[in-house]
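Student: Below are the structure tokens for one structure; questions will follow.
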Amino acid sequence: RNMLAFAGKLYFLAARESDGGDGLWAIGNLAGQSARPFMVKDLSNYSSVRALAAFGDTLYLKACTQEWTFTILSTDGTASGFKNLRDSECPDRGDEDREAQGHSARPRAAVVQQWGVVLLSCLPMLAVAGAVLFVFEIPGMFVNLYVGLAIMIGFLYAIFFGSPGGSMNRFLRWFLTNYTGWAYAALAWFSLMSPVSECRWNVEGGVDEPISRAWGLFEKMKDWIVAFVAVGFVAMLHIVLDIPDTSEAWPWIPYALCIVAQLVASICIDRTLPFVLAALCMFVIASKTSRGLVRLVSGNRFDKQEQLLFLAILALQGIAIIVGAIAYAKNRKAIDSSVLALLVKPRADPMAVELGGTGAEARQPEMRHQGRGHRSVELLGAV
């Protein structure tokens, strides 16, 4: 972004692919076709850098320091020529260097403000949302708990370990990916353990076992949980793996594995949204595959013929995805039963043992599905 020709080079601002840290980059030969960009100066210790401009023989950048104070950087186009024009107030040094020079790592007012957000905003909101959720059983309060907890953890990290800069960006990428991923896994696990979603044992002429209030509330919240957790996980998956823009091959391997995991999660949770998100991710892979096949045939050209070929290959893969979805819909009960049989070991029912005794006369459980969000087990055989 902000490309500018200066001193025989093309300068621009860009983020490093490995960690997302901002920097000033340049291309040495403006006329050369094989010139490669290189980083002139790492600026990841600033929370944002923008507004590249040249005046005379000096290049200027507008930056926001880690203390949320705007400043102007100047350079002659080299890393050694960089100067912070507000050096006395906003030194371009790391926290350790600033502490060694007698400067505090962060202004006290900023730390006090962050503690105020945690103690006077996040914690009261979490307490009130939790109370309303369990007392009045309003499932939408899950959003306050889920998002509020993430915000509070982000502020606590900023207070104890860092400030809004490159380190904060790296932490958020790592934290939000793990936060949404583990929440997704927990949702699938509790869905399997729930007496509503899990296999429930019935006796001929009897009634289902009563559902506790906690499990009933969980089932009410499940639509809210899957919406925020699944969508958030897929979004972070694309950000962290840099899909579909990455030029490397390895990110597509965990991406494909996560698609399979979402299909399994859709069966465990008994909701359609994970299946839809997995199908959309399949279309992303189909687009990447189509572009790769076109490159094998025509190289880097992408004229009308290449575009038609790309759309034709993409259409064929799209048809295959849709046909697969239709086949799953027709055989959903059998497929879901097979997957659940691998994941869940049926519980032994004490009533079956009492009624059937042991040996060949004992009743054998057979798993079957009864509607959305509900799986039960029917006891077959003679007493």
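The values are calculated or read from the model by the stated rules, or taken from the named source; none is laboratory data. It should be emphasised that the depicted structure is a prediction, and the values quoted were computed from it without experimental measurement. We place every Cβ from the backbone using ideal geometry, glycine too, and count neighbours over all the protein chains shown. Side chains included, ligands, DNA and RNA excluded: accessible areas come from the protein's heavy atoms. Shrake-Rupley method; radii C 1.70, N 1.55, O 1.52, S 1.80 Å.
Student: Using heavy-atom solvent-accessible surface (probe 1.4 Å) with all chains present, what is the largest-first order of Lys220, Lys333?
Tutor: Putting Lys220, Lys333 in descending order of accessible area: Lys333, Lys220.
Student: Just to verify a number: FRET efficiency for Asp42 and Phe160, C-beta to C-beta distance, R0 = 25 Å, to 0.05?
Tutor: It comes to 0.55.
Student: To continue, here is another question. Kindly sort Lys41, Lys83 by accessible area of their heavy atoms, largest first, with the probe set to 1.4 Å.
Tutor: Descending order: Lys83, Lys41.
Student: Let me ask something additional. Taking the full set of protein chains and a 1.4 angstrom probe, give the accessible area of Arg86 in square angstrom, rounded to the nearest 10.
Tutor: Roughly 90 Å² of Arg86 is accessible to a 1.4 Å probe.
Student: For the pair Arg1 and Asp57, what calculated FRET efficiency results from E = 1/(1 + (r/R0)^6), where r is the Cβ-Cβ distance and R0 = 22 Å, to the nearest 0.05?
Tutor: The value I calculate is 0.45.
Student: Let me ask something else. With a 1.4 Å probe and every protein chain left in place, tell me how much accessible area Ile243 has, in Å² to the nearest 10.
Tutor: 10 Å²
Student: I've got another one for you. Treat each spin label as a single point 7 Å out from the Cα along the C-beta direction, and report the Ser212 to Ala227 distance in nm.
Tutor: 2.7 nm
Student: Just to be sure I understand the model, the point goes 7 Å from the Cα along the line to the Cβ. What's the resulting Asn178 to Ala315 distance in nm?
Tutor: Distance between label points: 4.7 nm.
Student: Give me the extension gain from Val339 to Glu248: residue separation times 0.36 nm, minus the current Cα-Cα distance, reported in nm with one decimal.
Tutor: 29.5 nm
Student: Still on this structure, please answer the following. Extension gain Asn144-Ala79, at 0.36 nm per residue separation less the Cα-Cα distance, in nm?
Tutor: 18.9 nm
Student: Please work out how much accessible surface Asp57 shows to a 1.4 Å probe, ignoring ligands, DNA and RNA, in Å² rounded to 10.
Tutor: Here the residue's solvent-accessible area equals roughly 120 Å².
Student: What does the charge count around Arg1 come to, taking other residues whose C-beta lies under 11 Å from its C-beta (Lys +1, Arg +1, Asp -1, Glu -1)?
Tutor: Spelling it out: positives minus negatives among the neighbours equals 0.
Student: Reachable lysines from Lys83, Cα under 27 Å, same-chain residues fewer than 8 places away excluded?
Tutor: Lys9, Lys41, Lys62
Student: Another question, then. Which FRET efficiency, nearest 0.05, do Phe134 and Ala14 yield, Cβ-Cβ r, R0 35 Å?
Tutor: Rounded to the nearest 0.05, the efficiency is 0.15.
Student: Go through Glu248, Glu219, Glu306, Glu17 and list them by solvent-accessible area, largest first, probe radius 1.4 Å.
Tutor: Per-residue accessible area, sorted high to low, gives Glu17, Glu248, Glu219, Glu306.
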